[in-house]
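The values are calculated or read from the model by the stated rules, or taken from the named source; none is laboratory data. Every value quoted in this text rests on a predicted model; they were computed, and no experiment measured them. Here Cβ is always computed from backbone atoms with ideal geometry, including for glycine, and neighbour counts include all displayed protein chains. Heavy atoms of the whole protein, side chains included, go into the accessibility calculation; ligands, DNA and RNA do not. Shrake-Rupley method; radii C 1.70, N 1.55, O 1.52, S 1.80 Å.
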Amino acid sequence: MPETAAARLDCLRVSPFHRRTAALLAYVFFFELGDLNSFAYAAPALRQQWHLSIDTIATITSASFVGMFVGAMSAGTLSDHIGRKRALVATTLWYSSMSLLNAWAWSVPSLFAARLLTGVGLSGMTVVAMTYIGEMFPSRVRGAFQARILMFGLIGIPATAYVARFTVPQADWGWRAVFVWGSLAVFFPLFARRLEESPRWLEHRGRYDEAHAVLARIESEGGQADLAGPKGPARSGKQGRPDPLGPGDESIGVTGLIRSGAGGRALLLISVWFCQTLGFYGFNAWVPTLLAEQGFSIARTLAQSSAISIGVVPGAWIASMIADRWERKYLIAIVAVLVGTFGMIYGLSFNTWIIVTFGFLVAMTQQVFAPILYAYTAECFPTNARNTGAGLSYGIGRLGNAVGPLIVAFLFMTYGYRSVFAYIAACWALVAMLVLAFGPRMNARTLA
């Protein structure tokens with residue numbers, strides 16, 4: 001039997017442990033993704049009740065992304081120091097608690113502060129979770145499990161949309177209920193004892209006995225080694241290829257990232273996440289408000305947004321079917337082009353059926369894209385600096401959207417509705433070009 005934790009993990013059969021871990025992660029992603037979109041659904045009612053301008057909505061939206069930058073940077077380093085499991089619990093508890101603060105906001109400054117603090121936990125949890133998934137699942141099914149977890153987690157987006165649809169129009173306090181809903185992952189610590197710490201992380205910290213004890217518990221649940229996997233080798237025919245970067249030295253954090261030789265990958269992924277964030281949230285965070293500005297009622301706007309949001313679930317299901325079938329860098333580029341194309345068509349029409357159809361396709365292809373990029377990001381870094389590298393990439397990308405809402409507001413007020421969607425399409429085109437030109441091939445590699 002292989003001696004290292006990485007090799008042993010990659011040889012395991014999928015077991016009840018993996019399915020239980022996936023279910024718990026889907027739970028925290030359900031409310032994380034719902035909370036991430038909660039302000040977009042509350043904003044039209046808040047704008048009427050508090051008489052807010054488009055620029056003020058943009059400023060509050062930006063607060064979340066400033067917080068997400070702080071959360072991604074700090075949680076990544078924290079996780080590399082204290083472990084994946086403890087960092088996952090801490091960040092989930094943080095975003096859930098902070099979401100409740102949004103429900104009690106009484107002014108623009110208090111809501112700005114609440115969104116900023118919530119953003120810290122939201123991105124912190126995402127960075128830790130994408131690394132945890134990458135380290136806990138065998139390489140031949142890593143992408144598929146990332147997508148399946150997000151598939152169920154993404155149900156949180158339409159669920160939140162429908163919570164908003166049925167509560168926001170009912171009373172002046174309806175928008176507050178949306179944020180209370182987003183806090184319900186606060187119960188996650190009660191179930192977290194069913195998770196295991198990453199054996200890869202334990203091994204890199206020199207805690208070999210603990211790493212092998214964790215592996216023994218996983219194997220005792222039916223995850224015994226199977227070198228070919230339960231369905232034979234990965235379809236690429238390259239199962240278990242080593243990453244040419246190698247494991248680096250024992251340094252962690254930014255030092256470990258630089259010494260491992262992964263600095264170039266970090267720069268690439270920072271650029272990809274930056275452009276992806278501008279394109280993704282340029283659409284998701286603004287569609288309800290922009291539709292309302294075009295004369296649609298709040299009820300009709302929320303109804304259309306709710307229908308569009310259903311597309312996220314089949315999107316993640318599609319990703320689970322293709323993520324490990326073909327090379328991820330090419331899938332990322334192809335899907336990015338599709339998102340930009342569908343978004344441009346959406347922006348060219350005010351017909352309700354075209355808006356809903358192409359809005360649905362945008363939501364769907366965005367969530368084909370997201371789990372593949374999550375898996376790809378974690379794969380690109382060695383264990384000793386994986387969360388730091390993922391945190392830098394995700395965090396600086398999210399910081400980009402601190403200015404993104406201001407760009408959208410400027411374009412809308414200066415050049416009109418359609419200019420926003422041309423800008424979004426350009427962001428997705430840049431993602432495709434960057435990954436095709438500079439992205440390493442990572443499918444089925446044994447993580448260093």
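Quick notes on this one:
- Screening L399 with (1) over 20 Å from V312 (Cβ atoms); (2) modelled with pLDDT of 80 or more gives one miss only, at (2).
- Residue in segment 84-92 that is in a helix (DSSP H, G or I), among the basic types (K, R) and under 30 Å from V420 (Cα atoms) present: no
- Enumerated helices (runs of 4 or more DSSP H) restricted to segment 138-192, each holding at least 1 residues that are closer than 19 Å to A303 by Cα and out of contact with any strand residue (DSSP E or B) (no Cβ under 7 Å at 6 or more places or on another chain): 156-167, 174-181
- Within segment 23-41, the residues that satisfy the criterion of being surrounded by 20 or more Cβ atoms within 10 Å (Cβ to Cβ) and among the small types (G, A, S) are G34, S38, A40.
- Members of segment 271-330 found to be in contact with a Leu (Cβ under 6 Å, 6 or more places away or on another chain) and modelled with pLDDT of 85 or more, listed by number: S271, V272, C275
- Scan of segment 193-218 for residues that are part of a helix (DSSP H, G or I), open to solvent by 10 Å² or more (accessible area, probe 1.4 Å) and not hydrophobic (A, V, I, L, M, F, W, C), ordered by number: R193, R194, E203, H204, Y208, D209, E210, H212, R217
- Pairing residues of segment 341-362 that are over 21 Å from A426 (Cα atoms) with residues that are of a type in the set (A, V, I, L, M, F, W, C) and modelled with pLDDT under 85, at Cβ distances under 7 Å and at least 6 apart in sequence or on separate chains, gives V356/A307; V356/I308.
- Hits in segment 76-93 - residues which are within 21 Å of F187 (Cα to Cα) and not β-branched (V, I, T): S79, G83, R84, K85, R86, A87, L88, A90, L93
- Candidate set: segment 42-68, residues that are open to solvent by 20 Å² or more (accessible area, probe 1.4 Å) and in a helix (DSSP H, G or I); chosen: the one nearest to M125 (Cα to Cα): V66
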